[in-house]
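The values are calculated or read from the model by the stated rules, or taken from the named source; none is laboratory data. Not measured: the values here are computed from a predicted model. When we count neighbours, we look across all protein chains shown, and the Cβ atoms used for this are built from the backbone with ideal geometry, even at glycine.
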């Protein structure tokens with residue numbers, strides 16, 4: 001996402017800062033998307049715009065710090081920071097507070113590829129044990145190895161403390177990540193592998209929660225040309241499976257034409273539109 005610099009090298013009247021930067025970036029989308037409305041598949045207009053504000057600075061001793069907030073940030077009373085984060089970073093790693101409730105596994109394991117400019121229900125995704133409260137995550141990378149630790153707290157709407165740990169090894173053309181999450185009377189193990197073979201990138205994910213059927217998914221991204229990428233995925237969820245096919249055409253300058261079609265086990269849905277990054 002291309003950032004537009006609003007303020008650079010703000011040398012403070014406070015001597016504790018070596019420099020401070022504030023920037024703004026955005027993401028938008030527009031097009032047509034199908035949805036199931038009261039049992040009927042209908043095609044609707046779809047659009048969204050999000051603006052993200054980021055700030056960062058560096059102390060005289062070399063400690064980095066900063067944060068970000070999105071225009072739809074809905075944090076209340078410093079206990080539920082939706083879409084906002086604050087961090088400090090140094091040789092010790094990075095410590096982040098705020099909307100990181102997806103935890104360590106979400107950070108390093110992630111999801112396989114999806115299709116469509118709206119995500120079409122994000123049926124390519126296999127969920128994590130995330131929380132709604134302000135959470136904390138610690139990240140450290142040394143060479144090809146990354147480690148992440150996460151914890152979130154109990155709130156009236158959340159009900160339980162959560163903890164997570166994940167490890168990822170990036171071999172350049174391949175990577176593997178494993179994550180473990182725990183909450184009262186529930187545990188979740190996830191793993192994902194990815195590899196690139198020329199123009200093709202394959203990702204495979206596995207997830208097993210206590211007392212639930214294992215879930216798995218696979219995706220393929222194929223670069224037909226520098227501008228055109230075709231994506232396909234298949235996921236086996238606890239109660240159904242889903243599959244999708246889509247394509248992305250990069251127009252340059254942050255604009256892309258994106259479309260897809262998915263079968264979520266109940267409906268066949270499609271969308272076509274543009275995504276915009278600025």
Point to revise | So residue 168, is it touching a helix residue (DSSP H, G or I) at 6+ places or on another chain (Cβ under 9 Å) and at negative phi | key: yes
Check your understanding: Restricting attention to the range 251-262, does a residue exist that is within 20 Å of the chain's Cα centre (by Cα), surrounded by fewer than 17 Cβ atoms within 10 Å (Cβ to Cβ) and not in a strand (DSSP E or B)?
Key -> yes
Practice item. Scan the range 67-94 and report the pairs whose first residue is assigned to a strand (DSSP E or B) and whose second residue is surrounded by 15 or more Cβ atoms within 10 Å (Cβ to Cβ) and modelled with pLDDT under 55, with Cβ atoms within less than 6 Å and a gap of 6+ or a chain change. Key: 84/73; 84/75
Point to revise | Qualifying position, being in contact with a helix residue (DSSP H, G or I) (Cβ under 8 Å, 6 or more places away or on another chain), at pLDDT 95 or above and either in a strand (DSSP E or B) or closer than 28 Å to residue 97 by Cβ (or both), among 177, 232 | key: 177
Exercise for review: Sort through 221, 170 and tell me the only one that's surrounded by 14 or more Cβ atoms within 10 Å (Cβ to Cβ), under 20 Å from the mean Cα position of the chain (by Cα), without any contact (Cβ under 8 Å) to a residue 60 or more places away in the chain and over 15 Å from residue 122 (Cα atoms).
Suggested key: 170
Check your understanding: Does residue 192 satisfy being over 22 Å from residue 117 (Cβ atoms), within 20 Å of the chain's Cα centre (by Cα), surrounded by 16 or more Cβ atoms within 10 Å (Cβ to Cβ) and modelled with pLDDT of 95 or more?
Key -> yes
Check your understanding: Which one of these does residue 231 not meet: (1) over 17 Å from the mean Cα position of the chain (by Cα); (2) surrounded by fewer than 18 Cβ atoms within 10 Å (Cβ to Cβ)?
Key -> (2)
